[in-house]
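Throughout, read-outs are computed from the coordinates displayed, never taken from laboratory work. The shown structure was predicted, so the numbers you read here are calculated from the model rather than taken from an experiment. Glycine also receives a Cβ, built like all others from the backbone with ideal geometry; neighbour counts cover every protein chain displayed.
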Amino acid sequence: MRALLLVNPKATSTHRRTRDVLIRALGAAVDLSVEETAYRGHASVLAGSAHAKGFDAVAVLGGDGTINEAVNGLLVGQPDAHAGDRPALIVIPGGSANVFARALGLPSNSVEATGAVLEALREGRARTIGLGQAIWHDEVSGPDPGADARPDHTRSRYFTFCAGLGYDAEVVRAVEGLRSAGLRARPALYVSAAVRHFFVTDRRRPALRLTLPRRPEESGIFMAIVTNTAPWTYAGARPINPTPWAGFDTGLDALALRRMGLPTIMGLVRQIVGEREGLLRGNQFVQLHDESEFTLSATRPVAFQLDGDYLGEHEWVVFRSIPDALQVLV
């Protein structure tokens, strides 16, 4: 097997010595070529050329953002291909949260995850998973190198585990600003940013509405979380599960909030922290499960994030489930 390994040298939880050990271990199992990412969107460019260069797999040593870029490169490079006809994905977590890797059942430790990947390679074990796709009009934010730009300024991007509009995307934006100032993306940074930002976000004028085929419109929504798997994220080792029925083998799930007061948020936190099953309790929540397509639109531009990557402010986003999109060696 020929594999291309994409290494993010700025990954949060790895250093040069660890990366060298992992590269040697993978190189002993496959015919390995290594590329370091140099800028935002670079992983997408490199993964997009992998099939044409004869690679059977693309491995990623990095966080959720680098993995998302690689996934988009694999699919944009071969948008109509069957999952088995494009290079498979190998995931080695190197970020702070590593949500996608952990949702696949991989250890969050990069060395332990490499051991699990090597076992999958020896046994020829692969899993085909579905992805989410977000489609929006780029009238507000600037171009994003990881997205598929089109002449009419309609853009699309695939996501592996989550997307969001509203408050959670505002928190992602705030954390990106803090990271650019040199702070590390630890769970405590997200928590502190979420607490601080809660008191400055607009909690009086809901901007969002949710539209599904053949169903009444849901309006008066402050924020929405869209998920392709569970959990949505982690607080350290603790899973955060707003949509526990979500999975790589089903359509998209979503949770939207009609209220943003402190009692609602505190009640939400109590219900979604840890392992749980079933829907949330309360008429302040709009909940979707296993949907193939829906649209979130807004009366004003609102913050938008995808797999923890802030993508600007937008007035509408269409979400689609893409079943059986990608093979992952796991």
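Only Cα pairs within less than 10 Å get springs; with that Gaussian network setup on the chain, which residue of Ala256, Ala163, Ala11 has the largest fluctuation?
Most flexible of the set in this elastic network: Ala11.
Could you please state, rounded to a whole Å, how far the C-alpha centre of the range 280-330 is from the C-alpha centre of the range 187-242?
Between the Cα centres of the range 280-330 and the range 187-242 lies a distance of 10 Å.
What do you get for trypsin sites (Lys or Arg not before Pro) in the range 14-117 restricted to DSSP loop and a cutoff of at most 16 other Cβ within 10 Å of the site's Cβ?
Arg40, Lys53
Could you grab the relative contact order for the chain? Cα pairs under 8 Å, six or more apart, rounded to a whole percent.
Relative contact order, the chain: 21 percent.
Take each uninterrupted DSSP H stretch in the chain, measure its Cα extent along the helix axis, and return the ones at 18 Å or beyond whose mean Kyte-Doolittle hydropathy is at least -0.5. Walk me through the numbers on the way to the answer.
Working: long enough: 64-77 (19 Å, 0.46); 110-123 (20 Å, 0.32); 167-180 (20 Å, -0.14).
The answer, listed by residue number, is 64-77, 110-123, 167-180.
For the chain, just say rounded, prolate or oblate: build the C-alpha gyration tensor, square-root its eigenvalues into a ≥ b ≥ c, call rounded for a/c under 1.5, and beyond that prolate if a/b exceeds b/c, oblate if not.
Prolate.
Relative to the Cα centre, what is the charge dipole magnitude of the chain, using +1 at the beta carbon of each Lys and Arg, -1 at the beta carbon of each Asp and Glu, and rounding to the nearest 20 debye?
Numbers: 35 positive and 35 negative charges, 218 e Å.
Around 1040 debye, computed over the chain.
With each run of n ≥ 4 DSSP H residues scored as -39500 (n - 2.57), what mean residue ellipticity at 222 nm is computed for the chain after dividing by its residue count and rounding to the nearest 500 deg cm²/dmol?
-8000 deg cm²/dmol
How high is the relative contact order of the range 132-323, in percent, counting Cα pairs under 8 Å that sit 6 or more residues apart?
Values: 399 pairs, mean separation 55.6, N = 192.
Worked out over the range 132-323, it gives 29 percent.
Net charge around Thr160, counting only other residues with Cβ within less than 10 Å of its Cβ (Lys, Arg = +1; Asp, Glu = -1)?
The answer is -2.
So if R0 is 35 Å, what FRET efficiency would Arg204 and Arg40 give, r being the distance between their Cβ atoms, rounded to the nearest 0.05?
Given R0 = 35 Å and the Cβ-Cβ separation, E is 0.50.
Divide the volume of the convex hull of the Cα atoms of the range 132-323 by its number of residues and quote the answer in cubic angstrom per residue.
Working: hull volume 23.8 nm³, N = 192.
Per-residue hull volume (Cα only) is 124 Å³.
In the range 2-125, what is the volume of the convex hull around the alpha carbon atoms, normalised per residue and reported in Å³?
Measuring per residue, one finds 93 Å³ for the Cα hull of the range 2-125.
Once you have a ≥ b ≥ c as the square roots of the Cα gyration tensor eigenvalues for the range 179-262, tell me rounded if a/c is under 1.5, and otherwise prolate or oblate according to whether a/b is larger than b/c.
Values: a/c = 2.53, a/b = 1.25, b/c = 2.02.
Note, shape of the range 179-262 comes out oblate.
Compute the signed sum of charges (Lys and Arg +1, Asp and Glu -1) over the other residues within less than 11 Å, Cβ to Cβ, of Ala254.
It works out to a net charge of -4.
Near Leu178, within a Cβ-to-Cβ distance under 11 Å, what is the net charge of the other residues, with Lys and Arg +1 and Asp and Glu -1?
+4
GNM, the chain, Cα, under 10 Å: largest mean-square fluctuation among Pro213, Pro107, Pro244?
With Cα springs under 10 Å in the chain, the top fluctuation among Pro213, Pro107, Pro244 is at Pro213.
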